[in-house]
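Heads up, the thing below is written out as structure tokens.
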Amino acid sequence: RHLRALMVGHLRDEKDPLTLMAAARLLRDGPPSAVPIRIDHIGDALDPALGAAARVTMRECPAYRWLGGLPHEATRRRMQRAHLLVHAS
């Protein structure tokens with residue numbers, strides 16, 4: 001029913017979370033294909049400004065969800081269920 005993308009990485013410059021947020025904005029009105037894309041982002045906000053940007057992106061782009069820091073096992077389960085992993089650093 002949808003493509004599940006996942007990025008695991010703390011919100012800090014080295015992991016370039018703004019690239020993922022920009023992609024979410026590009027897909028805001030739906031992808032050009034018929035398959036909707038859901039984007040989950042796991043990681044603590046080590047940079048408060050990037051945490052604020054993630055919250056704004058969630059408000060503006062319903063397909064993007066910043067889940068914050070999760071326990072290791074919960075992160076692994078989400079990785080197993082993802083269709084693709086995003087590595088933006």
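For segment 19-89, what does the accessible surface come to per residue with a 1.4 Å probe? Please give it in Å². Working shown, then result.
Working: 4420 Å² over 71 residues.
Normalised by residue count, the accessible surface of segment 19-89 is 62 Å².
Tally up the carbon and sulfur contribution to the accessible surface of the chain as a whole percent, 1.4 Å probe, everything protein left in place.
Details: 3040 of 5510 Å².
After summing per-atom areas, the C and S share lands at 55 percent.
I'm a student and want to see the number: the projected area of the Cα convex hull of the chain, averaged over all directions, in nm².
5.4 nm²
Label points 7 Å out from Cα along the Cβ direction at VAL35 and ARG65: separation in nm?
Spacing of the two 7 Å Cα→Cβ label points: 1.9 nm.
Name the trypsin sites (Lys or Arg not before Pro) in the chain that are in a loop by DSSP and that have at most 10 other C-beta atoms within 10 Å, would you? List each step's numbers first, then the result.
Working: sites: ARG1, ARG4, ARG12, LYS15, ARG25, ARG28, ARG38, ARG55, ARG59, ARG65, ARG76, ARG77, ARG78, ARG81; in loops: ARG1, ARG12, ARG28.
Answer by residue number: ARG1.
Collect residues whose amide H, placed 1.01 Å from N in the peptide plane, falls under 5 Å from the amide H of LEU11; neighbours closer than 5 in sequence don't count.
ASP44, ALA45, LEU46, ASP47
List the relative contact order of segment 6-89 as a percent without decimals, with contacts defined as Cα pairs under 8 Å and 6+ residues apart. Write out the running numbers ahead of the final one.
Values: 118 pairs, mean separation 36.3, N = 84.
Result for segment 6-89 is 43 percent.
The values are calculated or read from the model by the stated rules, or taken from the named source; none is laboratory data. Fair warning: this is a prediction, and the values are worked out from it, not measured in the lab. FYI the Cβ positions are ideal-geometry reconstructions off the backbone, even for glycines, and counts take in every protein chain you see. Surface accessibility is based on the protein's heavy atoms, side chains included, excluding ligands, DNA and RNA. Shrake-Rupley method; radii C 1.70, N 1.55, O 1.52, S 1.80 Å.
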